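The values are calculated or read from the model by the stated rules, or taken from the named source; none is laboratory data. Being a predicted model, the structure only gives us computed values, none of them experimental. Glycine also receives a Cβ, built like all others from the backbone with ideal geometry; neighbour counts cover every protein chain displayed. These accessible areas exclude ligands, DNA and RNA; they are computed on the full protein's heavy atoms, side chains included. Shrake-Rupley method; radii C 1.70, N 1.55, O 1.52, S 1.80 Å.
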Amino acid sequence: MVNYIAHGISKGHDDDENPERRGVDEAGGSEPQSTLQIFTSNLNATIMGALENASAKRHEFLTVEHLLLALLDNALAKDVLLNLGADLDGLRSALEEHIDKSTPLIPDRHPNQETQMTLGFQRVIRRGVFQAQSNGREETTAADALAAIFHEQDSTAASLLEQQNIDRIDVINHIGD
């Protein structure tokens, strides 16, 4: 399984028990800000929600479509999409249908297998981080992740957003407002 910590995604570990997660070394000195701080808590919760949803359904992969579906429940991403005229119910329905039809399930013979992030999902997360950093922000928001989806041009998520007449520039312009 991909190391979620390396991507800034906490799986609920107690920060008080692990000094590295607090950004403090064993001697008590401060360390430079680590990748653990690159997501807003709101985006982190959305990513974890996508993972938990995919895992609960025993999906073999966590995809860009899972991320977009989770972003529909994120207040910031939802606000961006609504302001750009998206039909959230239609988008949700299309995403759920696509995910149910195209995402392989973890075989019963592998009960301990965990859901894996696809390369596309990982690229979207990295691009979202780059988007935030290139705009001088230390934390990546749900809107950054939403804008990054458009780079996955072969993804159904990007296609569904385009069918809603939403493009990356619109999302980026909304982030700057």
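The set of residues in region 61-90 being among the polar types (S, T, N, Q) and touching a strand residue (DSSP E or B) at 6+ places or on another chain (Cβ under 9 Å) consists of Thr63 alone. The condition (being open to solvent by less than 60 Å² (accessible area, probe 1.4 Å), over 15 Å from Leu146 (Cα atoms), modelled with pLDDT under 95 and over 16 Å from the mean Cα position of the chain (by Cα)) is satisfied by just one residue among Gly90, Gly29: Gly29.
The number of residues in region 114-135 being modelled with pLDDT under 95 and open to solvent by less than 70 Å² (accessible area, probe 1.4 Å) comes to 2. Among residues of region 119-144 that are among the charged types (D, E, K, R), those with a Cβ under 6 angstrom from a residue that is outside any helix (DSSP H, G or I), sequence gap 6+ or separate chain, pair up as Arg127/His151; Glu139/Thr40. Checking Leu91, Leu82, Leu105, Leu69 one by one, the residue that is touching a residue at least 40 places away in the same chain (Cβ under 8 Å) and either more than 22 Å from Arg58 (Cβ to Cβ) or in contact with a helix residue (DSSP H, G or I) (Cβ under 7 Å, 6 or more places away or on another chain) (or both) is Leu91 and no other.
Please determine whether any residue of region 66-74 is small (Gly, Ala, Ser), surrounded by fewer than 23 Cβ atoms within 10 Å (Cβ to Cβ) and at pLDDT 95 or above. Scanning region 66-74 turns up no residue that is small (Gly, Ala, Ser), surrounded by fewer than 23 Cβ atoms within 10 Å (Cβ to Cβ) and at pLDDT 95 or above. Here the condition is being modelled with pLDDT under 95, more than 20 Å from Glu52 (Cβ to Cβ) and open to solvent by 40 Å² or more (accessible area, probe 1.4 Å); of Gly176, Gly85, it holds for Gly176 alone. So which residues in region 56-65 are open to solvent by less than 50 Å² (accessible area, probe 1.4 Å) and assigned to a helix (DSSP H, G or I), if there are any at all? Of everything in region 56-65, those that are open to solvent by less than 50 Å² (accessible area, probe 1.4 Å) and assigned to a helix (DSSP H, G or I) turn out to be Val64, Glu65.
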